[in-house]
Every structure is written in C-alpha cells, then in structure tokens.
1. Scan region 105-128 for residues that are surrounded by fewer than 16 Cβ atoms within 10 Å (Cβ to Cβ) and closer than 19 Å to T64 by Cβ and jot them down.
2. Which condition breaks for N581 when tested against (1) modelled with pLDDT of 80 or more; (2) assigned to a loop (DSSP other than H, G, I, E, B)?
3. Taking the conditions exactly as written (part of a loop (DSSP other than H, G, I, E, B) and open to solvent by 10 Å² or more (accessible area, probe 1.4 Å)), does P454 satisfy them or not?
4. Take region 510-544 and flag every residue that is part of a loop (DSSP other than H, G, I, E, B), at pLDDT 65 or above and among the hydrophobic types (A, V, I, L, M, F, W, C).
5. Have a look at A332, A313 and point out the one that is within 26 Å of Q286 (Cα to Cα) and either in contact (Cβ under 8 Å) with a residue 40 or more places away in the chain or buried (at least 22 other Cβ atoms within 10 Å of the Cβ) (or both).
6. Among the residues of region 418-430, is there at least one that is of a type outside the set (D, E, K, R), under 33 Å from the mean Cα position of the chain (by Cα) and open to solvent by less than 40 Å² (accessible area, probe 1.4 Å)?
7. Just checking: which of the strands (runs of 3 or more DSSP E) contained wholly in region 6-73 hold 3 or more residues that are touching a Leu at 6+ places or on another chain (Cβ under 9 Å)?
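The values are calculated or read from the model by the stated rules, or taken from the named source; none is laboratory data. Quick caveat, the model's predicted, so the values are computed rather than measured. Counting neighbours? That spans all protein chains shown, and the Cβs are built from the backbone with ideal geometry, glycine included. To get the accessible areas, we keep the full protein, side chains included, count just its heavy atoms, and leave off ligands, DNA and RNA. Shrake-Rupley method; radii C 1.70, N 1.55, O 1.52, S 1.80 Å.
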Amino acid sequence: MQTILSEIQETVSQYARIISQVIGVDVEIVDNRFVRIAGTGFYAGKVDEDMSGEGFVFKAAMETGETQVIRDPGRNRLCISCPKQLVCAEKLELCTPISLGGETIGVIDLICFTDAQRDKLLGNFDAYLAFLEQIAEFISGKAYERKERQRTELMIRLMNQVVDRTNRCVIILNREDRISFANHNAIQQLELGGTSSGQAVSLRATGDSFFDNDAFKLAIDGREFDLVGNIFPVELDLEDYVKIIVFNELKVVRTRINQLTGSAGERYGLDDILGESPAIVELKRQVRKIASSTSTVLVRGESGTGKEMVARAIHAESDRRGEPFVAINCGAIPDTLLESELFGYVKGAFTGADPKGKIGKFELASKGVLFLDEIGDMPLYLQVKLLRVLEEKQIVRIGSNNAVSVDIRIIAASHKNLPEMIREHKFREDLFYRLNVIPLEIPPLRERRVDIEPLMRFFIRKYCTLFNKQFRTLDPQVVAAFLTYGWPGNVRELENSVEFMINMMDADGVLGTALLPRSLTETDGDTADAAPGVRSLRDLEHEEIRKALELYGTSTQGKKMAARQLGIGVATLYRKLDAANLSD
C-alpha cells in the first residue's frame, strides 16, 4: 500500500536535491513506513529500501514530532540498538519530521560524513534548521494538495456513480456545445457508443412542456431526438462545464407512463380466445393472416363478444407485440374530454387542464397499437381529426403548434350498425372506409353454441381458483340451461353467470340448477332464439344431439366430430345417448 509521500515521490526527490545543494550534505527522506523515498549522495542508489531495522533516529522524530539532533553518532542513546553503532561513519545527523493534519507522515534526515560538512552545518545551524523546517512544510503542502486532489477525484467518481444510477439522462456541454460528460443512460438513449466526449450537440426548444419538463429536439451526429427535460446553466466559471441537460427521450417517457398506468393491460393471444366453432376457428385464421400488417382493422360484434380480446390477440401476434397496446373506450369518456385523452395537451392549454400538461393516447401508443373501442360513439368533429391522423400519421397536442409524428396501428371496434349511422349522418363515411380496411366480425354466442360448454368450464376453473373453492360436479341440467339460453350479453354475461354460481356454490362443490341466475330460469326472459311455448331443457338437449348426429353421422368418427361440435367429450355423448335411448 502506498503512502502519501510515495505518491508524490518525484516532488519529494526534487526537494531532497535542493536541500543537498543548499547545505552541501547528504539527504534522505523516509516515509512513515520507514521506506526511503528519496536520497542524495551516499543514499542516491538506495531509494525504496526498508529502513525499519536501523532507523532509530527516524522513529524518535516520528514518535515525538520533534527535530532530533545527533552530534555524537555512535555514542548517542538513540544509537545503542543500531547495528552500526561501533562502525558508524557519520559525523552529525539532523532529523526533522514532516507533519500533515497532526500526523507525522515522514522525516527529512541530513547526514554529515566529513568534519567540514559538520562544521558548516553547525556554523549556521539555526538558519539551516529553519530552512529544513520550511522544506518540510513545502513537502507537507504538496502532500495536502495530493490528498485534496484524491478526495476531489473520489467525490467526482462518487457523483458520477450517483448520476449514472439515476433513471434520467444527463449530459454536460462546454462553451462550444460539445459533450464534456454523459452518464450511462444518456449514452444508451442517444446511441453515443464509447465516443461521446467532444461530440457537437444542437438543441432546439419546441415550446411545449409536460410534467414540469420542457420538450426540445436534440441533434447529434446527423440524428435527431425528441426529448423531455430541463436545461440548467452551470454557475461556476468552468470552461468545460457550462450547461447541464437532464432529460429522457419522449418514447421512454411514454413507455414509463404505460407501465405506471397499466395501459398495456393484460396480454391475450390467440390461445386465449376459447372456442371450437367454425366461426371462431375462421376468426383465428384471419387474425393470424392480418396480424403483421399495418392496415387498420374494424372489429364488429355485439357487446360482450370479446372485441378487445381480439384486438389484443392481433397485437400479440404482430411484430409490435413488444410495444404498447393502449385502449380507450370512446363511449365511456365525455366528448369534452375525449379529445384531450386522445391528443394530449401542453402546459396551460386550457382552463382546468393539468398544469403539468399531458401526453395523449396517440403518443402513448407510439410504435404499438391503439384500440378505439365503441368508435361509433366518437363525436363527428373528432372523427375528422382521427381521419387526418390516419392519413398524415401526425398529431398536434391541444395548445401546441408542433406536429408530432406517430407510428401506430389503429384497431377500432363497435357494436353499432355503422352503415346505418352513416345514412343517418351520425358517422363519417370516409372514416368508415378508412377504418374498415380489414373487417373482422365476431358472431354472438347464440350463433356458436358449441363454444358455450368449453367457456363454462374455463370460467369455472378460473373462479374456483380465484375464490379458493373446490369444484366437484356440474349438473347436466345446468349445461342444458346454458346451451339453450339466448345470451344477449354474450361471453361477458356467461362469465358473470358462472362467477355468480361459484360464489353461491356450497362446500360440496356441486353446481346444480338451484344456483342458476334468475335470467337463465325465467321463461319470459330475453332469449334470442326461444320458440313459442315452453320446452324442457332435456328435450332441447336431445334435439341438438340429434342435429349433430344427422350432420356428422353415427359412425365412431362421426360421433367424435359431433361431440366436438357440441362441446362435450365423446364419453359424455355416449352417456347422453344411452340416457335418451338414442344409441344405435
């Protein structure tokens, strides 16, 4: 381990030579480890030697912090333990401590080997001693400077570590707007590589501001970045440190807002769309084909059919799966707020707005997918603005004059009859055709009854796990009730019905007809395809089984296909056939 004197060894050696030249004696300077740091004359070739075995005078000077004068080397009490006591060639020795902050960090030792040297030193002793003490102070001063420089370097390294660990980017510019320092995040976001120092930077404020941060564009190395942050002047007179910029790239801000607000939501893929009906199989096939496109999609279907799930599946199957999926229900937000939700606004845009500004859904969805649910509820004046975004790929925040480029895929959805709304002048025809580039239709649950039982069993597992309940038996009459009900609320209503039944289920784990929601048992309920009069659930079940057998045949393979379309297992089908005397 180095000592402070060994770290300034060259400076110490220069002082040793100065002393030797002025006084005309041999000089050695030793640190507090008793290692010779510098030497002249006899000691010039003995630098870096360990003196701990013979440096008794050094030890006395270091322990007492006082100058030691040995006028009779070999006979002085300090020389008793010295191995060279009886053969000492020295005529006089003068040892002065070097102190720093109350600690002795070394000594300056003068040695006279001739009577002439001894007489010269003693003849002007006080002056030479004062000179020696002054040199000791000079060396102490250099050691202090070295320590302070080390401390400053450590503080800079510490501050750099702190700055590197902040989640924001920091760069410092000099008077010529060239980078003097860039932290790790800045190097990454600005793609600076390992050559950030000295690169020229151009800054241009846009006049917009968000979250108490200003928006500006930064150009470097032929590239331009949209940043949000602050620029601070350095109040010290340092040529290389004139301007501090603390920022984040706008796309990073968007991503973090999505993470904090949960805009990305749950991730659904095609496997999460349950059903084996021909309509669902075809829908999945279409989703796979169009997922990687950038064209707009219009998903149509009744409320509760799962339009958002289809939109999320398109996102999950596409090249944008790693980017945001942002959803907004156009019918759930008042017209006066919908525009600001979609386009965002800058600081002070209008009375009542968040004084920090807000980033809109178009920007939050950048590089990803924006799902506009219930697009039929969007007011006409916003339909015009949406059409412009689709055509120009740019938005303008409320209160701003700056156009912002957005790279998003729009997926819209509606349960309304949009062509009818066009005839009634409630929906723009040009926007409809711009959205309807890829139309997807989700059939209602009553038109794909084969999917009902698989959905039932999925939601039973889901809510039993959620409510920590044990499921044992499902009454066939419950399945029949589900199969014959019209489901005006579609999958959403089916899920709610299962959730209700699991909540009401007893510890025996039996889902029986007594647990059926009232909507499924009332004969005057809204069942979309109910025939006049009342028929038993068993008769309706038998009728569906007969239809399936007529369609697929009564062979083993035919029964397998019939069971699949009915949404039941083959063993269950055989059991029902035996119970109804429908077997071959």
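1. none
2. The one condition N581 does not meet is (1).
3. No: the conditions fail for P454.
4. Of everything in region 510-544, just one residue is part of a loop (DSSP other than H, G, I, E, B), at pLDDT 65 or above and among the hydrophobic types (A, V, I, L, M, F, W, C), namely L516.
5. Answer to the check: A313.
6. no
7. Passing ranges, in order: 26-31, 68-70.
Yes/no matrix, rows are residues, columns are (1) at pLDDT 85 or above; (2) closer than 30 Å to N417 by Cβ:
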position	(1), (2)
P324	yes, no
E339	yes, yes
P355	no, no
L370	yes, yes
R388	yes, yes
